[in-house]
Amino acid sequence: MNKGEIREILSLAARNALRIVNTEWVLIRIVNQNSFKTIAEHYELRAGCTYPHANASNRVLVEGETIEGFSIVCSRKENLTVNVACIIPVNALGREEKLLIGAVVCQLEMLFILFTSQYLQKLYHDSNLQNETF
């Protein structure tokens, strides 16, 4: 899996979120829990909608705070280094919507962890090959 494939997966997940919730756009963001830096993000807009300005700090997302006028569904795995958040410009989601968006977010988190573990494994393997003497 490469970075282009990750971007495509983010886009597909965002389109799925738009199918679940009747809204103009969604934002999916992957955040490092330790540094609060954005690792990746993707906006998905419905046709004819303008590019949104969502002012959501990563600290707010990781710490589980709320933002007025938005619904946030975020992964809450404390033992991982990343959080995946889906930010939706609606005040409240229905129970089913929240459940389905939560499933999308958890799948993204799992895929991102798999992607980074493959990358780290390759990095480790390559560094061990360079350090070996024959």
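Just so you know, all these numbers are worked out from the coordinates, no wet-lab data involved. Keep in mind it's a predicted model, so treat the numbers as computed, not measured. Neighbour counts are summed over all protein chains in view; Cβ atoms, including those assigned to glycine, are modelled from backbone coordinates with ideal geometry.
Okay, here's what the table says:
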| item | result |
| --- | --- |
| Loop sites in segment 34-76: GluC sites (Glu not before Pro), DSSP, at most 13 other Cβ within 10 Å | Glu65, Glu68 |
| Lysine pairs within the chain, Cα separation less than 18 Å, 8 or more sequence positions apart or different chains | 4 |
| Computed [θ] at 222 nm, deg cm²/dmol, the chain (DSSP H ≥ 4; -39,500 (n - 2.57); rounded to nearest 500) | -15500 deg cm²/dmol |
| Distance between modelled label sites at Cys106 and Ser57, nm, 7 Å Cα→Cβ extension | 3.0 |
| Thr50/Arg95 FRET efficiency (R0 30 Å; Cβ-Cβ; nearest 0.05) | 0.50 |
| Mean Cα-pair separation over length for segment 1-101, i.e. relative contact order, pairs under 8 Å, 6 or more apart, % | 29 |
| Degrees, to the nearest 10: 3-20 long Cα axis against longest axis of the chain | 20 |
| Cα→Cβ-extended label distance, 7 Å offset, between Asn32 and Thr116, nm | 0.9 |
| Relative exposure of Ile101, Ile113, judged by other C-beta atoms within 10 Å (fewest first) | Ile113, Ile101 |
| Quotient of Cα Rg and 2.2 N^0.38 Å for segment 3-128, N being how many residues it contains | 1.08 |
| Between 0 and 90°, nearest 10: helix 95-131 axis offset from the chain longest Cα axis | 20 |
